[in-house]
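One structure is given here, and the rest of the page talks about it.
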Amino acid sequence: MLHEDIDRKKGYAAAVCFSVLVGFSFLGIKICQQYTGGLNILCYRYDFALAAMVILVATKTVKIDILNKPKGKLFLTAVFYVGFMAFQVAGLFYATSVVGSIIFAVVPIMVKIIASVFLRERASLMGNVFICVTVAALIFMIVMGTADIEIDPLGTVLLLVSSLMMAMSNIFMRYTRDDYRPIEITFSIILLGFIVFNGAAALRAVFWDGGISGYLAPLAIPQVAISAAYLGIGCILLSAHLMSYILSKMEAAKGTIFGNLSTAISIVAGVVILGEDLMWYHVVCTAIIIAGVVGVSMSGTGAKGER
């Protein structure tokens, strides 16, 4: 019982760190967007993440052992994670970030529904209430912060697919917890993302951009290099590892709800760091979101079957 309590506390500590890391990622993305496009940003993120992972493995700080283990679930976990990022970038090309934020706010509900079927995880009535309250508060804060919401059908569909893939990635992170350590799941995600996005960038450079100079040039800008390093090491390597660790310690819906907390942190950080206007709904909704996340964390579970 004591061991379980310690594991639970470690899981919540990891969840808070995850929320903070991802919450400040918007700063890095905004800086990079001033100098280069979405595909390049994705490439840089995975370049830095893989470079850091290689250093960790080479110095024996971490050990990766996946050769003699079943690969199917691990591959699907990585595919869903990389797919979520790819469809997100594609969706945001057509739809606004406001629409994207609203759609992604609903991911915890998607995870709860899928986990109840796939993992046989049942949240308590109060847990379900807290999840819905947290999602509603985040959507309200996002909607109140914009004067007009434009719905693009293609962008909305792409973002919905991205959200579903994000939900499935979290489900599979929990599903593979008995076969793989969190760092091994993280490694598979980073390696696949590096191959997919750099492969796409290479094809674009050869057939459309006339070379790789357009790919490499932005990295010479210190702001881009520093921001990309944070986005890659902090918001892919560390955040993917933390999420894998979180989902090895708690139910899928409980772990995923911290993503909404990170979105709230992003909005509040915009007020504090970028000097954006602080409105009453920022304060009220952030307080509700924090209370909701705490409520979800403290709520029990309903009947739970085996996987």
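Some points to look at:
- Given (1) over 18 Å from PHE18 (Cβ atoms); (2) out of contact with any Ser or Thr (no Cβ under 6 Å at 6 or more places or on another chain), index of the condition SER124 fails: (2)
- Contacts under 9 angstrom Cβ, first residue in the stretch 213-239 being under 22 Å from VAL20 (Cβ atoms), partner not in a helix (DSSP H, G or I) and not charged (D, E, K, R), 6 or more apart: GLN223/GLN34; GLN223/TYR35; TYR230/PHE24; GLY234/PHE24; CYS235/PHE24
- Flag for ILE288 being under 15 Å from SER19 (Cβ atoms), open to solvent by 10 Å² or more (accessible area, probe 1.4 Å), part of a helix (DSSP H, G or I) and of a type in the set (Val, Ile, Thr): no
- Taking each residue of the stretch 88-103 that is open to solvent by 40 Å² or more (accessible area, probe 1.4 Å) and at pLDDT below 75 and looking for partners that are part of a helix (DSSP H, G or I) and not aliphatic (A, V, I, L, M) with beta-carbon atoms closer than 6 Å, six or more apart or interchain, yields nothing.
- Whichever residue in the stretch 127-165 is of a type outside the set (A, V, I, L, M, F, W, C) and within 18 Å of the chain's Cα centre (by Cα) and, among such residues, is surrounded by the fewest Cβ atoms within 10 Å (Cβ to Cβ): SER163
- Every residue from the stretch 92-112 that is of a type in the set (Ser, Thr, Tyr) and part of a helix (DSSP H, G or I): TYR94, SER97, SER101
- Taking first residues from the stretch 59-78 that are over 13 Å from PRO182 (Cβ atoms) and partners that are outside any loop (DSSP other than H, G, I, E, B) and at pLDDT below 90, the Cβ contacts under 8 Å between residues at least 6 apart in sequence or on separate chains come to LYS73/TYR175.
- Conditions (1) of a type outside the set (Ser, Thr, Tyr); (2) at pLDDT 90 or above; (3) buried (at least 23 other Cβ atoms within 10 Å of the Cβ); number of the one not met by VAL57: (3)
- Yes/no for ILE265 being open to solvent by 30 Å² or more (accessible area, probe 1.4 Å) and in contact with a Gly (Cβ under 7 Å, 6 or more places away or on another chain): yes
- Top-ranked residue in the stretch 11-41 [being open to solvent by less than 80 Å² (accessible area, probe 1.4 Å) and not in a helix (DSSP H, G or I); ranked as farthest from ALA220 (Cα to Cα)]: PHE24
- Here ARG45, ARG8 are screened, and the one residue that is open to solvent by less than 40 Å² (accessible area, probe 1.4 Å), of a type in the set (Lys, Arg) and assigned to a helix (DSSP H, G or I) is ARG45.
- Residues in the stretch 70-87 that are in contact with a helix residue (DSSP H, G or I) (Cβ under 8 Å, 6 or more places away or on another chain) and either outside any helix (DSSP H, G or I) or open to solvent by less than 60 Å² (accessible area, probe 1.4 Å) (or both): LYS73, LEU74, THR77, ALA78, VAL79, PHE80, TYR81, VAL82, GLY83, PHE84, MET85, ALA86.
The values are calculated or read from the model by the stated rules, or taken from the named source; none is laboratory data. All figures in this text were calculated on a predicted structure; none of them were measured in a lab. Please note: Cβ atoms are built from the backbone with ideal geometry, for glycine as well, and neighbour counts cover all protein chains shown. Only protein heavy atoms, including side chains, enter the accessible area calculation; ligands, DNA and RNA are left aside. Shrake-Rupley method; radii C 1.70, N 1.55, O 1.52, S 1.80 Å.
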